[in-house]
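Notes follow once the structure below has been shown.
The values are calculated or read from the model by the stated rules, or taken from the named source; none is laboratory data. None of the values given here were measured: they were computed from a predicted structure. Using ideal geometry, Cβ is built from the backbone for each residue, glycine included, and neighbour counts are taken over all protein chains shown.
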Amino acid sequence: MPDVSWVGDDGGRAGRAGPLRSRRVRRALAGAAAAGVLASTLAGCGSDDGGVPTLTWYTNPDSGGQAEIAARCTDEAGGRYRIETSVLPREASEQREQLIRRLAANDASIDIMSLDPPFIPEFAEAGFLAPVPEDVAERVTEDVVDSAIEGSTWDDELVAVPFWANTQLLWYRESVAEAAGLDMTQPVTWDQIVQAAQEQDVRVGVQGIRAEALTVWFNALIESAGGSIIAENSTDPSQIQLGLTSDAGRRATEVMRDIATSGTAGPALSTANEDSTATAFESPEGGFNVNYPFVYPRALAAVEAGTMEASVPEDYGWAIYPRVDAETEAAPPYGGINLGVGAFSQNVDLAYEATECITSTENQAYYFTTNGNPASDTAVYDDPEVLEQFPMAPTIRDSLELAAPRPQTPYYSEVSGGIQRVYHPPSSVDPQETPEAATDLITAVLRKEQLL
Amino acid sequence: MTQTTLPPVEKTQPVSAPGGTTSDRARSERKLGWLLAGPALAVMLLVTAYPIAQAVYDSLFDFRLTDPDNRSFTGLSNYGVILSDWLWWRSLLVTGFITLVTVAVELVLGFALAMVMAKALSTIRPVLRAAILIPYAVITVVSAFAWQFAFDIQTGFINSWFSFLPGIGEDTDWFGGTWTSLLVICLAEIWKTTPFISLLLLAGLAQVPEVLQEAAKVDGATWWQRMRRVTLPNMKAAIMVALLFRTLDAFRVFDSIFIMTGGANATESVSFLAYRQTISRLEIGLGSAVSVLLFLAVVFIAMSFIKGFKVDLSQSRGEG
């Protein structure tokens, strides 16, 4: 059968290009995935016409910004390379699943990947990311917010290129804050917000769904309380020490419970995600909402479409994420996308060249203004056009400097999955019992002694 | 009054010479049979037997997809981890519950629909059949989204339409509790797969000999008596085949749970558990062990139907 020998040939070629020691073993083990990879490898080879190497950039779904940046960089490259984009699934966890499965099969068609920061350690530890050349590392971290650099680093080395950096702000209705007598120019605490919302009979939008959003919220609470989900990190999963039962861990649990049982979080807290809380914030019941900056362009778009009164976004105010304790600075969530270069790519050097183009100040400013995704490059925040369209840009920048990443571990899925299982629904958490239960579960899962 | 079925026809071997010796013709027919079925058998072995064997093999290892170098043989310890975990047993119970409820409701509804299709005026019959079959043609993920949107507290219409019912109001969060989540999941499954069962039952209905119905009518049997003593006994084989297929299908429920709750509120099914270990955690060994246990459960269901209820699978091909 000619087909079979062809598979073997191609797999071998892909394998030789990869830098990993164990590629033969890995290839054999990931045999089933190889069939799926075949098609994309074929496509990669087929489009090499005219001698211009084609770089495939796997992007998360957006409003078309990454495809436009790819086209701009292709023009700029002047025929040295061409970037094609390929869109990944909607959920970050599903993006990771697809990329990991392909990389485990040594997929050479993956040149550039848009990666959600919490999954970067896993990719790096598995040897799926090509090492960042020193000169590139130096250039791409210049004037970049700390949280984005931290999110691209594993084992004290830069393993990905910071692209755009997301953070949650505290969105509030100015009319509500005024009526409640809250001085929003000063940092506010969760307690203050809940109290104000109770007085004014409005909602506090938080994400209580059993999904990544819950981990994002809990991580911000525990980091704001001065603790961390992982107290002592290790590449050996059985050595990871969790910080959930620390004072900060209990305080975070307490704040979560207080918000969930205050009656201000709405009837659907246990299924509330970023979108549904943004929708609730737009309604007359909206008061406060911790959410990403998309809340603002979303409201403006609704006004333009005629489905919302212009007075609604005019009433929007924004501030730094709420504090857990009045004296301690908040640690807002950090998210966004950083770019990884596939370890099995045939054009690693060109791919890194392309990431520098993609993350240029102009392209980040373009991405911010058109797609609403905040830049990791601090220079972008001085751009007058950005400031005009996003009056909250300085707050976003300040928030990014304060932001704390989620636990950085190759076993992030286990840690986050365990948090989601035990801390859901948020109304059922107990500062005395939940931290122990979560620690027991996650520890057992990391030791492969329990299902998740 | 006893049940009325046609006297059992003695099954004749297609070709068999008296005295147990096989004739040349029988031999050549058997050879032809193998030739015809052989390629299909080979494909079946390739696409089913091989992955199953691979899963059984993988389940004996501690093996993470991102860390193949540290793969180690652990024997049956993965099975020990699973069987000693309450999550596995809870998922098994949830899966059993969904299977039982959906199959029972589908059987009754499906039978009613089959009767409607069988008795409908011939002019509207094609339209009716197409209409009844539409849900079955909808992709499960799409149907799951449709039901989720319908019941969603923000985008859904169910809460406002049915607010006159006790317990349902503007603030009813269907996906916030175990039983309400399971109710919506079961409704979606029932809506989606009832057409399948009704189609199989329609084939069964068509097989009930008209002569028996007429004889019963002449004897003065009421509609209900004819249904119980003539129609149902003659359809038993078709009903059992439909039940078997649907039970096996229902036991593997995944899509609706994945879309609607993502496994929250204790709604994980066994398939979902296998997904989370294999695809999310990348623990190929542990996930394969869950899959193997799921496979064994499905084999057990199939065997108990075939042995316990004496289901004749040839019925499904209309050979009965």
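Which condition from (1) surrounded by 19 or more Cβ atoms within 10 Å (Cβ to Cβ); (2) out of contact with any strand residue (DSSP E or B) (no Cβ under 9 Å at 6 or more places or on another chain); (3) closer than 22 Å to residue A:438 by Cα is the one that residue A:224 breaks?
(2)
Each row is one residue, and each column tells you yes or no for (1) touching a helix residue (DSSP H, G or I) at 6+ places or on another chain (Cβ under 7 Å); (2) farther than 12 Å from residue A:161 by Cα.
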{"residue": "A:338", "(1), (2)": "yes, no"}
{"residue": "A:350", "(1), (2)": "no, yes"}
{"residue": "A:361", "(1), (2)": "yes, yes"}
{"residue": "A:364", "(1), (2)": "yes, yes"}
{"residue": "A:369", "(1), (2)": "yes, yes"}
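Quick one: in the range B:72-103, of everything that is surrounded by 17 or more Cβ atoms within 10 Å (Cβ to Cβ) and not in a helix (DSSP H, G or I), which residue is farthest from the other protein chains (Cβ to nearest Cβ)?
Out of the qualifying residues, it is B:74.
Taking residue A:449 as meeting all but one of (1) under 30 Å from residue A:268 (Cβ atoms); (2) within 12 Å of another protein chain (Cβ to nearest Cβ), write down the number of the exception.
Answer for residue A:449: the failing condition is (1).
Could we say that residue A:328 is surrounded by fewer than 21 Cβ atoms within 10 Å (Cβ to Cβ) and β-branched (Val, Ile, Thr) here?
Working: surrounded by fewer than 21 Cβ atoms within 10 Å (Cβ to Cβ): yes; β-branched (Val, Ile, Thr): yes.
Yes.
Within the range B:193-209, is even one residue at positive phi and either away from chain A (no Cβ under 14 Å) or of a type outside the set (A, V, I, L, M) (or both)?
So in the range B:193-209, the residues at positive phi come out as none.
So far as the range B:193-209 goes, no, none of its residues is at positive phi and either away from chain A (no Cβ under 14 Å) or of a type outside the set (A, V, I, L, M) (or both).
Given the structure, is residue B:303 assigned to a helix (DSSP H, G or I), more than 14 Å from chain A (Cβ to nearest Cβ) and surrounded by 21 or more Cβ atoms within 10 Å (Cβ to Cβ)?
Values: assigned to a helix (DSSP H, G or I): yes; more than 14 Å from chain A (Cβ to nearest Cβ): yes; surrounded by 21 or more Cβ atoms within 10 Å (Cβ to Cβ): no.
The answer is no for residue B:303.
Is it the case that the range B:237-252 has a residue that's polar (S, T, N, Q), away from every other protein chain (no Cβ under 14 Å) and within 22 Å of the chain's Cα centre (by Cα)?
Restricting attention to the range B:237-252, the residues satisfying the condition of being polar (S, T, N, Q) are B:247.
Now restrict to residues that are away from every other protein chain (no Cβ under 14 Å): B:247.
Still in the running and within 22 Å of the chain's Cα centre (by Cα): B:247.
Scanning the range B:237-252, I find at least one residue that is polar (S, T, N, Q), away from every other protein chain (no Cβ under 14 Å) and within 22 Å of the chain's Cα centre (by Cα), so the answer is yes.
Filter the helices (runs of 4 or more DSSP H) completely within the range A:140-232 down to those with at least 2 residues that are under 30 Å from residue A:312 (Cβ atoms). Spell out the reasoning first.
Details: elements: A:146-151, A:174-180, A:190-200, A:212-224.
Helices (runs of 4 or more DSSP H) meeting the threshold: A:174-180, A:190-200, A:212-224.
Of everything in the range A:292-315 that's closer than 17 Å to residue A:206 by Cα and touching a strand residue (DSSP E or B) at 6+ places or on another chain (Cβ under 6 Å), which residue is surrounded by the most Cβ atoms within 10 Å (Cβ to Cβ)? Outline the logic, then answer.
First, the residues of the range A:292-315 that are closer than 17 Å to residue A:206 by Cα: A:292-296.
From the residues that got through so far, the ones that are touching a strand residue (DSSP E or B) at 6+ places or on another chain (Cβ under 6 Å) too are A:292, A:295.
On the way: A:292: 22, A:295: 25.
Looking at the filtered set, the residue picked out is A:295.
So which of A:109, A:63 ends up being away from chain B (no Cβ under 14 Å), closer than 16 Å to residue A:342 by Cβ and of a type in the set (Ser, Thr, Tyr)?
On the way: A:63 fails: closer than 16 Å to residue A:342 by Cβ.
Checking each option against the conditions leaves just A:109.
Filter the range B:139-177 down to residues that are of a type in the set (Ser, Thr, Tyr) and touching a Ser or Thr at 6+ places or on another chain (Cβ under 8 Å) and give me whichever is nearest to the other protein chains (Cβ to nearest Cβ).
Checked the range B:139-177; the qualifying residue nearest to the other protein chains (Cβ to nearest Cβ) is B:172.
Go through the range A:156-184 and count every residue that is of a type in the set (S, T, N, Q) and without any contact (Cβ under 8 Å) to a residue 40 or more places away in the chain. Walk me through how you get there before you give the answer.
If we filter the range A:156-184 for residues that are of a type in the set (S, T, N, Q), which is where we start, we get A:166-168, A:175.
Among the residues that remain, those that are also without any contact (Cβ under 8 Å) to a residue 40 or more places away in the chain are: none.
Of the residues in the range A:156-184, 0 are of a type in the set (S, T, N, Q) and without any contact (Cβ under 8 Å) to a residue 40 or more places away in the chain.
Taking the range B:273-292, which residues are away from every other protein chain (no Cβ under 11 Å) and either outside any helix (DSSP H, G or I) or within 19 Å of the chain's Cα centre (by Cα) (or both)? So that I can check it myself, show each step before the final result.
Of the residues in the range B:273-292, the ones away from every other protein chain (no Cβ under 11 Å) are B:288, B:291-292.
Once the filter is applied, which keeps residues that are away from every other protein chain (no Cβ under 11 Å) and either outside any helix (DSSP H, G or I) or within 19 Å of the chain's Cα centre (by Cα) (or both), the range B:273-292 yields B:291, B:292.
So, in the range B:30-70, of the ones that are closer than 17 Å to residue A:101 by Cα and among the charged types (D, E, K, R), which residue ends up surrounded by the fewest Cβ atoms within 10 Å (Cβ to Cβ)?
Selected residue: B:69.
From A:295, A:290, which residue is under 19 Å from the mean Cα position of the chain (by Cα) and modelled with pLDDT of 95 or more?
Values: A:295 fails: modelled with pLDDT of 95 or more.
Exactly one of A:295, A:290 is under 19 Å from the mean Cα position of the chain (by Cα) and modelled with pLDDT of 95 or more, namely A:290.
How do the helices (runs of 4 or more DSSP H) wholly within the range B:170-263 filter down when requiring 1 or more residues that are among the acidic types (Asp, Glu) and surrounded by 19 or more Cβ atoms within 10 Å (Cβ to Cβ): which remain? Walk me through how you get there before you give the answer.
On the way: elements: B:178-206, B:210-218, B:223-226, B:232-251, B:255-260.
Where helices (runs of 4 or more DSSP H) fall fully within the range B:170-263 and carry at least 1 residues being among the acidic types (Asp, Glu) and surrounded by 19 or more Cβ atoms within 10 Å (Cβ to Cβ), they are B:178-206, B:255-260.
Picking from B:122, B:143, which residue would you name as being at pLDDT 90 or above and either outside any helix (DSSP H, G or I) or of a type in the set (Gly, Ala, Ser) (or both)? Lay out the reasoning, then the answer.
Numbers: B:122 fails: at pLDDT 90 or above.
So the residue among B:122, B:143 that is at pLDDT 90 or above and either outside any helix (DSSP H, G or I) or of a type in the set (Gly, Ala, Ser) (or both) is B:143.
May I ask you to list pairs of residues, at least six apart or on different chains, whose Cβ atoms are under 7 Å apart, with the first in the range B:166-179 being of a type in the set (S, T, N, Q) and the second being surrounded by 13 or more Cβ atoms within 10 Å (Cβ to Cβ)?
Listed by first residue and then by second, the contacts come to B:172/B:159; B:178/B:265; B:178/B:266; B:178/B:267.
Could you list, in sequence order, the residues of the range A:344-357 that are surrounded by fewer than 23 Cβ atoms within 10 Å (Cβ to Cβ) and not in a loop (DSSP other than H, G, I, E, B)?
A:348, A:349, A:350, A:353, A:356, A:357
Do you know which of the residues in the range A:366-399 that are among the polar types (S, T, N, Q) and assigned to a helix (DSSP H, G or I) is surrounded by the most Cβ atoms within 10 Å (Cβ to Cβ)?
Going residue by residue through the range A:366-399, those that are among the polar types (S, T, N, Q) are A:369-371, A:373, A:376, A:378, A:389, A:395, A:399.
The next check asks that each one be assigned to a helix (DSSP H, G or I); those that pass are A:369-371, A:378, A:389, A:395, A:399.
Values: A:369: 20, A:370: 16, A:371: 18, A:378: 18, A:389: 16, A:395: 17, A:399: 29.
Per the criteria, the residue is A:399.
Can you pull out every residue in the range A:417-445 that is in a helix (DSSP H, G or I), touching a Ser or Thr at 6+ places or on another chain (Cβ under 9 Å) and facing chain B (nearest Cβ under 10 Å)?
A:417, A:420, A:427
Condition first: within 12 Å of chain A (Cβ to nearest Cβ), of a type outside the set (D, E, K, R) and surrounded by fewer than 20 Cβ atoms within 10 Å (Cβ to Cβ). Can you find one or more residues in the range B:264-272 that meet it?
Within the range B:264-272, the subset within 12 Å of chain A (Cβ to nearest Cβ) is B:264-268, B:270, B:272.
Of the ones still in play, those that are also of a type outside the set (D, E, K, R) are B:264-267, B:270, B:272.
Okay, now just the ones that are also surrounded by fewer than 20 Cβ atoms within 10 Å (Cβ to Cβ), so B:266.
There is at least one residue in the range B:264-272 that is within 12 Å of chain A (Cβ to nearest Cβ), of a type outside the set (D, E, K, R) and surrounded by fewer than 20 Cβ atoms within 10 Å (Cβ to Cβ).
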